[in-house]
Amino acid sequence: MPPIDDAEIERVLIVTAHPDDLDFGAAGTIAQWVKAGIAVSYCICTNGDQGGEDPDVPRDEMPKIRQREQRAAGAALGVTDIEFLNYRDGWLEPTIELRKAIVRQIRRVQPQRMVIQSPERNWDRLFASHPDHMAAGEAAIQAVYPDARNAFAFEDLLKVEGLAPWTVNEVWVMSSNMSDHHVDITETFGQKMAALHSHVSQTAHNPELENMVRSWGERNAQSVGLPEGRLAETFKIVGTK
């Protein structure tokens, strides 16, 4: 289905499992939204404490490192509203508690649009289907429907925290093998790479990072018929009304 026109979108909330997930999947698109005056917020479920390539970095330091890197990556795109839910990396499950935490962020931000990870395994791109990614995607779509809009779901969010029900109008799903929408990110690819390079603990070891990410963008662009040399990010659009 076609997406809602960006002119009708004031706020976007992006929910992912780990720091850097959203930058790999959607940073070029996010940069365009920010430039258009759309307020973008991040909700990141874990601190990515199982990540990193340096064996000399103490594991208990990694959460702070990755949060710092994600804030720097957000700044490269113009995003400052970043919430970390502090779940354990590698152990994420679509629990009631995680759903409630995401509902809290939906009601706080009041987004018309959300971006989430696919809750379904992508057999064509297995690396995109980390168990944490699928868990975050499943919890996020459950939070969108039915919980965030239902005054009787997690009643304390309304009665104690004053967070009123909110209906998200549409969801964009990253890493789906059923993508039906693309965004040409050729002009914002530089910002995407700046965001990815901010994740030093995850990307500094890879001298081919830019070539790798560019090849993904070229493949996406070719799959939707864009001219040679263009780059794209792709999504599955889900209406929620």
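The values are calculated or read from the model by the stated rules, or taken from the named source; none is laboratory data. Bear in mind the structure is a predicted one, so any value in this text is a computation, not a measurement. As a convention, Cβ positions derive from the backbone with ideal geometry for all residues, glycine included, and neighbour counts pool all protein chains shown.
Of these, ALA164, ALA148, which one is surrounded by 16 or more Cβ atoms within 10 Å (Cβ to Cβ), hydrophobic (A, V, I, L, M, F, W, C), modelled with pLDDT of 95 or more and in contact with a helix residue (DSSP H, G or I) (Cβ under 9 Å, 6 or more places away or on another chain)? Outline the logic, then answer.
On the way: ALA164 fails: surrounded by 16 or more Cβ atoms within 10 Å (Cβ to Cβ).
Of the residues listed, the single one that is surrounded by 16 or more Cβ atoms within 10 Å (Cβ to Cβ), hydrophobic (A, V, I, L, M, F, W, C), modelled with pLDDT of 95 or more and in contact with a helix residue (DSSP H, G or I) (Cβ under 9 Å, 6 or more places away or on another chain) is ALA148.
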| remark: From the option list ARG11, ARG66, single residue qualifying as in contact (Cβ under 8 Å) with a residue 12 or more places away in the chain, out of contact with any Leu (no Cβ under 8 Å at 6 or more places or on another chain), basic (Lys, Arg) and crowded, with 22+ Cβ neighbours inside 10 Å is ARG66
| Of residues in the stretch 77-92 being over 15 Å from the mean Cα position of the chain (by Cα) and crowded, with 16+ Cβ neighbours inside 10 Å, the one nearest to ALA135 (Cα to Cα) | LEU92
| task | Pairs only if they're at least six apart or on different chains, beta carbon under 6 angstrom, first in the stretch 105-119 and farther than 15 Å from GLU83 by Cα and without any contact (Cβ under 8 Å) to a residue 40 or more places away in the chain, second among the acidic types (Asp, Glu) and surrounded by fewer than 24 Cβ atoms within 10 Å (Cβ to Cβ); list them, first residue then second. | result | PRO119/GLU138
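Would you pick out the residues in the stretch 202-241 that are in contact with a Gly (Cβ under 7 Å, 6 or more places away or on another chain) and either at pLDDT 95 or above or on the phi > 0 side of the Ramachandran plot (or both)?
Within the stretch 202-241, LEU231, ALA232, GLU233 qualify.
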| Pick from the stretch 93-125, criterion over 24 Å from GLU161 (Cβ atoms) and over 15 Å from the mean Cα position of the chain (by Cα), ranking: modelled with the lowest pLDDT | ARG125
